[in-house]
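A.B. asks: So that we are looking at the same thing, I have put the structure below in structure tokens.
The values are calculated or read from the model by the stated rules, or taken from the named source; none is laboratory data. Every value quoted in this text rests on a predicted model; they were computed, and no experiment measured them. Using ideal geometry, Cβ is built from the backbone for each residue, glycine included, and neighbour counts are taken over all protein chains shown. Side chains included, ligands, DNA and RNA excluded: accessible areas come from the protein's heavy atoms. Shrake-Rupley method; radii C 1.70, N 1.55, O 1.52, S 1.80 Å.
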Amino acid sequence: METVRAFLQVNKGRWLWAAAVFLLAALLPEYVFPLLCLTAYLCTVRRCVSLRSTEKAMLVYMAWSALAVSYSGAKASALAILLPWCLFFFGSRMLLSTVDNADKLNALFLCGAASGGIAGGIAILQMVLFHFGGPLKKTFNPFWHLLDMQFADLAVRLLPQSVVRMLPRTQFIAIADRASSTFTNPLFLAVFLCMMVPFCTYCLFYFHRRATRIFAALCLLLCVGGIAVSYSRGPYLALCIVFFVMLFYGRKYAWKLLCTAGALLVGLSLFAGGVFRRLLTLFSGRDISVNTRSEIWKACFEMLRGHWLFGYGTGVGNVRNMLHENYRIRQPHAHNLFLQILLEQGVIGLALFGAILILFLRNLYRLAKKGDIGRGIAVTLLGSLAGFCACGMTDYLFYGMKPLCYFLMLIALSECALRIYTEDKPPCAEEPAAKELVTQS
């Protein structure tokens, strides 16, 4: 506690809003955390910071998405996609305006690990309640379920009926037998946890203080446990990819990762055998989820004929209506992030989105060349992006606001790290007590 107090005394200021968003955005209800983000932006984005390369690419992609609304037949759902992009874009501005030294960057990594640990811990408790909680088995899954129902009822009463009729549903999703934690969908929970596993691992390997490393190890365990009880098979495979990417931390850490992965697999086999049974259903020819995705992808590739260049226009409503009316598939989107972008905005939109990822990877390459800490940060951010993209192969992740929010903040963290470790003079050492909180090896 003394080191935390000393750290905050040295690192005062508006950057704490950025830390609060990175910690709490995943934990608050879907209709509350945007208000936190907006408040944080208003309190932090005051100093003019030049646009970075990834931000420019985001703006071009957003401009093309806005232009694609002009020929979209689903303008309401288009706005539902564009507005969150506009809102969370300022998260990049917020981070670049406030995260200007290594201590603050490491503090954000620790906030990410803590957020993942809390979300994963809640998910595990939800499954414990489901199996042993009696009348409480469905009450707190999702965690904000009772509040969600009241908010949905209030929104239906207050919104004009013309708007209500355009909504794909008037109630939040609640899947009782799969943990959703503080999210409204177990898959979005698993995506977030896959993104936070590298942050936990970085804190475990690169922080010196024993208490911080123990905390990071606990958060890592809870993140993996949360992914397990989400029973989302795509993220199971994505987690394997994340661990593979993290092997690039170097030989010094590779054996530790392999031992950790082995211990986690043994623990899951002993205490959560259902995870492996769930994973093995991927190879069943009768699995409804697998067969439905196969039908969706086949239909989506047929839709691309004659529309591959510009797509059908921004908004999931176009794809949803065609799946419903032309193919009798009652699903809301393409269940693949890249295929959905291709259907909405064509090859042009997909190329512009790809440009964001390429510039992000270029940042990581420049960081990795610095060696040691730079390499550790680069591998951490790459592992997080790999988890996100791997999960995106089986679902459209921008359908949820929280995955989009953390995706854009992840891109911004690469710019912050690049500025701190390659472009600016390395930060001077602060007070020794403050440095202990996030000291790197």
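A.B. asks: Out of 67, 87, 158, 146, report the one residue that is of a type outside the set (Lys, Arg), free of Cβ contacts under 8 Å to residues at least 40 places away in the same chain and closer than 18 Å to residue 28 by Cα.
C.D. replies: 146
A.B. asks: Another question, if that's okay. Test residue 22 against the criterion of being among the aromatic types (Phe, Trp, Tyr), surrounded by 21 or more Cβ atoms within 10 Å (Cβ to Cβ) and in contact (Cβ under 8 Å) with a residue 60 or more places away in the chain, and give yes or no.
C.D. replies: Yes, satisfied.
A.B. asks: Looking only at the range 33-43, count every residue that is out of contact with any Phe, Trp or Tyr (no Cβ under 6 Å at 6 or more places or on another chain), in contact (Cβ under 8 Å) with a residue 40 or more places away in the chain and not hydrophobic (A, V, I, L, M, F, W, C) and tell me the total.
C.D. replies: Of the residues in that region, 1 qualify.
A.B. asks: Do we find that residue 143 is of a type in the set (Phe, Trp, Tyr), more than 21 Å from the chain's Cα centre (by Cα) and open to solvent by 10 Å² or more (accessible area, probe 1.4 Å) in this structure?
C.D. replies: no
A.B. asks: Okay, next question. Residue 97 - would you say it is open to solvent by less than 70 Å² (accessible area, probe 1.4 Å), of a type in the set (S, T, N, Q) and part of a helix (DSSP H, G or I)?
C.D. replies: Taking the combined requirement at face value, the residue satisfies it.
A.B. asks: Would you point out which residue out of 95, 110, 125, 129 is farther than 22 Å from residue 224 by Cα and of a type in the set (A, V, I, L, M)?
C.D. replies: It is 95.
A.B. asks: Working only within the range 307-346, note down all residues that are at positive phi, touching a residue at least 12 places away in the same chain (Cβ under 8 Å) and not in a helix (DSSP H, G or I).
C.D. replies: 311, 313, 315, 335
A.B. asks: Where residues in the range 209-232 are surrounded by fewer than 19 Cβ atoms within 10 Å (Cβ to Cβ) and not β-branched (Val, Ile, Thr), which of them is nearest to residue 262 (Cα to Cα)?
C.D. replies: Top of the filtered list is 217.
A.B. asks: Residue 348 - would you say it is buried (at least 22 other Cβ atoms within 10 Å of the Cβ) and β-branched (Val, Ile, Thr)?
C.D. replies: No.
A.B. asks: Shifting gears a bit: Can you work out which of the residues in the range 299-336 that are surrounded by fewer than 24 Cβ atoms within 10 Å (Cβ to Cβ) and aliphatic (A, V, I, L, M) is nearest to residue 69 (Cα to Cα)?
C.D. replies: 316
A.B. asks: Which count do you get for residues in the range 44-81 that are under 26 Å from residue 13 (Cα atoms), modelled with pLDDT under 90 and either touching a Phe, Trp or Tyr at 6+ places or on another chain (Cβ under 9 Å) or surrounded by 15 or more Cβ atoms within 10 Å (Cβ to Cβ) (or both)?
C.D. replies: Residues that pass the stated criteria total 3.
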